[in-house]
Amino acid sequence: MQNSGKLFLKVFTALILSIILYSCDFFAPYDLEFVSVSQEKLEFGMFEIEKQFVITNVDSFDVNWEILPAINWITISPMSGKINAADPDTVTVKINRSKLIPGKYSDKIEISFENKTNSKFIELLMEIKAQLRVSQDSMRFGIYDSLKSFKLFNSGNYPLKWSFIADEEWISVQPDTGTLLVDSTKFLSNGTQSNSTSKYSDATVFVKIDNKKISAGDHIGLLHLKTENG
């Protein structure tokens, strides 16, 4: 009888444990192995401002998800939702470069799930920089030439300040300083080009030679270009 009592106690204890385990599984029935995100990394190109990813659940249970408070240079919509096998969620991520200085930026989006202690993460990568391009790196003036021009371009996504100083008094530059803004028509929203107008991302610079200040013969002069943020 004593052995029977011990056997009954073991069976009863095992039954209680089974009920507890089943109860825990009932309140958190899904497994994160069945939940996935379409991308582990969102890398924004020079002029990309919007990307998307999809949260999918292949199990039959509903899954509630939420994105934890994000960094200040991105906007996420929606921030929470419910997914199941027939209804995945598409999440849009937009970035705002306007209040940031040039540099490389990286951070993560954390997606938490109801009744689960572990989360899923998506890495964000972005770079802000001004990028100067000059139409030519030398100019040759003939005997009858006194005025020529070249162009400056900003092919980056941040405004570029520039200035010139001539090393010879017989060379003058007009204008000798300025700012190249960003060509807003290049920005892409979810792969579609913006309809906004250009914002003076190029400038024409005129170089004038004062022949009265030089003697006959060959002369060489240099224009020293100084830039900020590029």
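Treating r as the C-beta distance of Gln52 and Ile101 and R0 as 30 Å, the FRET efficiency rounds to 0.65.
Could you tell me which of the pairs Lys51/Lys129; Lys51/Lys226; Lys82/Lys108; Lys148/Lys186; Lys129/Lys226 are separated by over 26 angstrom between their Cα atoms in the structure shown?
Working: Lys51/Lys129 20 Å; Lys51/Lys226 36 Å; Lys82/Lys108 21 Å; Lys148/Lys186 29 Å; Lys129/Lys226 16 Å.
Pairs exceeding the cut-off: Lys51/Lys226; Lys148/Lys186.
Using θ = phi - 60° in the Karplus curve 6.51 cos²θ - 1.76 cosθ + 1.60, the 3J(HN,Hα) couplings for region 42-48 round to 10, 10, 7, x, 3, 10, 8 Hz; x is entered for Gly and Pro.
When every Cα-Cα distance of region 67-111 is counted in 5 angstrom steps from zero, the calculated P(r) takes the values 5, 16, 27, 20, 14, 9, 5, 3, 1 percent. Each residue of region 137-149 is assigned a 3J(HN,Hα), and the resulting list reads 10, 7, 9, 10, 9, x, 5, 9, 8, 9, 9, 9, 9 Hz, derived from the Karplus form 6.51 cos²θ - 1.76 cosθ + 1.60 (θ = phi - 60°), x at Gly and Pro.
Per-residue Cβ neighbour counts within 10 Å put Ile122, Ile165 in the sequence Ile165, Ile122, beginning with the fewest. Values of log10 I(q)/I(0) for region 71-230 across q = 0.09, 0.18, 0.20 Å⁻¹ run -0.51, -1.12, -1.26, by the Debye formula with one identical scatterer at each alpha carbon and no solvent.
Rounded to a whole number of µm²/s, how large is the Stokes-Einstein D of region 116-184 at 25 °C and 0.890 mPa s, given Rh as the Kirkwood radius over C-alpha pairs?
Details: Rh = 15.8 Å.
The estimated diffusion coefficient comes to 155 µm²/s.
Remark: the Ser146-Thr179 segment gains 9.3 nm on full extension, using 0.36 nm per residue and subtracting the alpha carbon distance.
At full extension, Lys226 and Ser119 could sit 33.7 nm farther apart than now, given 0.36 nm per residue minus the alpha carbon distance.
With semi-axes defined as the square roots of five times the eigenvalues of the C-alpha gyration tensor, the equivalent ellipsoid of region 31-126 measures 27, 12, 11 Å, largest first.
Bear in mind these aren't lab numbers, they're just calculated from the coordinates by the rules spelled out. All of these numbers come straight from a predicted model, not from anything done at the bench. Don't worry about glycine lacking a Cβ; one is built from the backbone with ideal geometry, like all the others, and counts go over all protein chains shown.
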